[in-house]
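Chemist: Submitted below is the structure of interest, expressed as structure tokens.
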Amino acid sequence: MTVIKNVKITKENKLVDAVILIDGKNIKQILTDKKETDGKFRGQFIVDGGGQLLIPGMIDVHIHGANNYNMMDGTTESIQVVSKACAQTGCTSFLVTSVSSTLEELLLMIRQTKKVVGKEEGAKIAGIHLEGPYLNVKKKGMQNPKFLRHPDLREMNEIFKEANGLIKMVTIAPELPGGLEMIDFLREKGIVVAIAHSNATYEEAQLAFERGATHITHCFNAMPSIHHRHPGLVTAALEDNNISVQVIVDGIHLHPGIVRLLHKVKGANSIVLTTDAMQAMGVGDGEYIFGGHQVIVKDGIARIKDGTLASSTITMNKSVKLSTEFGIPLEDTVKMATSVPANILGLKRIGQLNEGNTADLVLLDKDFNVSKTWIDGKIF
């Protein structure tokens, strides 16, 4: 039995003192009454949280790399490096995320991911997120146009055969020829269909939602801006209560006012914090090769040569910090990084501080630096 004492947790929009009991991999008990805890745990393995904030392990649904490693480079080492970097920054589960590439490069990444699953050296792989290659060149962002193509069911069948159930999310542009048929295919397999790098009109977006798309990748980025006569994809997503949105809160991709607006319109239960981080995460400024582009990171901002933003360098814990600084209530911010992505992906027994859930936990200091990470009840 492990006892984590002297921590604060969020409960009903308040911070309350708590003691957490871990039995093996699971949370056995959560105690918030001091009378229940005084003097009870002599002889147990006790961790003193020092009055810091304890939250569920965060879940990153969109990450490409970290610490100089890009998970599309075709090695298991790159995936393990990202796994450890995630754990160091408070993320205990993540989706290995692709960029648009050749089919051969994508299949290699999938094969290497399969080798790592169950043997992660840090955060656990919850699956794979395919960002492309079925994206609109008109909203390519940093995606390499030479790899972008129209949805191809034969190709996707080959990808799914190799992935053997690991694919959990696919980002596409539904307005492309074959886009709606691809949504049908993915929904039949229980995949979260996300939209981005898309030039979809308001009506095209609504049709995609009717067919089964339910999520927006890096909302507002790589899609048309809202126009009062051409409302587009973003407006369609904001007014549809069944659609969740993914946000990169790094102070660069979205203005703080947009973050607050999204929170006000969608509510915390429909917003997912994510990093979209490239291999500069944890390293900083310099030159990198990512997605077939030369990427220059200066002052923490990643851009390709034409000035287009190229992923990010933010971490999940810093994203939570910035969200609270932008005015999002702490409890809502924690949800956006934990329980909401878990619910969207259908992940059971993680993302919430509940008795019986897996003990994936993170201890954060007053500046949201990670003091400790527990994965399956063990300190990372």
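Chemist: Going through region 190-224 one residue at a time, which ones are hydroxyl-bearing (Ser, Thr, Tyr) and either modelled with pLDDT under 95 or surrounded by fewer than 24 Cβ atoms within 10 Å (Cβ to Cβ) (or both)? Give the steps one after another, and end with the answer.
Modeler: Kept after step one, since they are hydroxyl-bearing (Ser, Thr, Tyr), are these residues of region 190-224: 198, 201-202, 214, 217.
If the condition is that a residue be hydroxyl-bearing (Ser, Thr, Tyr) and either modelled with pLDDT under 95 or surrounded by fewer than 24 Cβ atoms within 10 Å (Cβ to Cβ) (or both), then Thr201, Tyr202, Thr214 are the ones that fit.
Chemist: Are any residues in region 157-181 out of contact with any Gly (no Cβ under 7 Å at 6 or more places or on another chain) and more than 23 Å from Leu347 (Cβ to Cβ), and if so, which ones?
Modeler: Residues satisfying the conditions are Asn157, Glu158, Lys161, Pro174, Glu175, Leu176, Pro177, Gly178, Gly179, Leu180, Glu181.
Chemist: Please enumerate the residues belonging to region 224-248 that are among the polar types (S, T, N, Q) and assigned to a helix (DSSP H, G or I). Break it down into steps so the answer makes sense when it comes.
Modeler: Just the residues of region 224-248 that are among the polar types (S, T, N, Q), to begin with: 225, 235, 241-242, 244, 246.
Once the filter is applied, which keeps residues that are among the polar types (S, T, N, Q) and assigned to a helix (DSSP H, G or I), region 224-248 yields only Thr235.
Chemist: For region 171-183, state whether one or more residues are surrounded by fewer than 16 Cβ atoms within 10 Å (Cβ to Cβ) and without any contact (Cβ under 8 Å) to a residue 24 or more places away in the chain.
Modeler: no
Chemist: Test Lys378 against the stated conditions and say whether it is under 16 Å from the mean Cα position of the chain (by Cα), basic (Lys, Arg) and modelled with pLDDT of 95 or more.
Modeler: Values: under 16 Å from the mean Cα position of the chain (by Cα): no; basic (Lys, Arg): yes; modelled with pLDDT of 95 or more: yes.
When the stated conditions are applied, Lys378 does not pass them.
Chemist: Next up: Just checking, how many residues over region 289-319 are aliphatic (A, V, I, L, M) and surrounded by 24 or more Cβ atoms within 10 Å (Cβ to Cβ)? Working first, answer last.
Modeler: Within region 289-319, the subset aliphatic (A, V, I, L, M) is 289, 295-297, 301-302, 304, 309-310, 314, 316.
After this cut, where a residue has to be surrounded by 24 or more Cβ atoms within 10 Å (Cβ to Cβ) as well, the list is 302, 310, 314, 316.
So the count comes out to 4.
Chemist: Going residue by residue through region 212-225, is there one that turns out to be in the same structural domain as Ile301 (by TED's automatic domain parsing), among the aromatic types (Phe, Trp, Tyr) and more than 24 Å from Thr313 (Cα to Cα)?
Modeler: If we filter region 212-225 for residues that are in the same structural domain as Ile301 (by TED's automatic domain parsing), which is where we start, we get 212-225.
In the following step, the residues that additionally are among the aromatic types (Phe, Trp, Tyr) were identified as 220.
With the extra rule that they be more than 24 Å from Thr313 (Cα to Cα), the set shrinks to none.
Looking through region 212-225, none of the residues is in the same structural domain as Ile301 (by TED's automatic domain parsing), among the aromatic types (Phe, Trp, Tyr) and more than 24 Å from Thr313 (Cα to Cα).
Chemist: How many of the residues in region 320-339 are closer than 19 Å to Ala87 by Cα, surrounded by 23 or more Cβ atoms within 10 Å (Cβ to Cβ) and of a type outside the set (Gly, Ala, Ser)?
Modeler: Final tally of qualifying residues: 6.
Chemist: Now for a different question. Looking at region 237-286, which of its residues are of a type in the set (Asp, Glu) and out of contact with any Phe, Trp or Tyr (no Cβ under 8 Å at 6 or more places or on another chain)? Step through it out loud before you land on a result.
Modeler: Residues of region 237-286 that are of a type in the set (Asp, Glu), as a first pass: 239-240, 250, 276, 285.
Glu239, Asp250, Asp276, Asp285, listed by residue number.
Chemist: Same structure, new question: Only one of these conditions is not met by Val234: (1) free of Cβ contacts under 8 Å to residues at least 24 places away in the same chain; (2) under 25 Å from Gly127 (Cβ atoms); (3) under 22 Å from the mean Cα position of the chain (by Cα). Which number is it?
Modeler: Of everything listed in (1) free of Cβ contacts under 8 Å to residues at least 24 places away in the same chain; (2) under 25 Å from Gly127 (Cβ atoms); (3) under 22 Å from the mean Cα position of the chain (by Cα), Val234 misses just condition (2).
The values are calculated or read from the model by the stated rules, or taken from the named source; none is laboratory data. Quick caveat: nothing in here was measured; it's all calculated off a predicted structure. Positions of Cβ are generated from backbone atoms using ideal geometry, with glycine treated the same way; all protein chains shown enter the neighbour counts.
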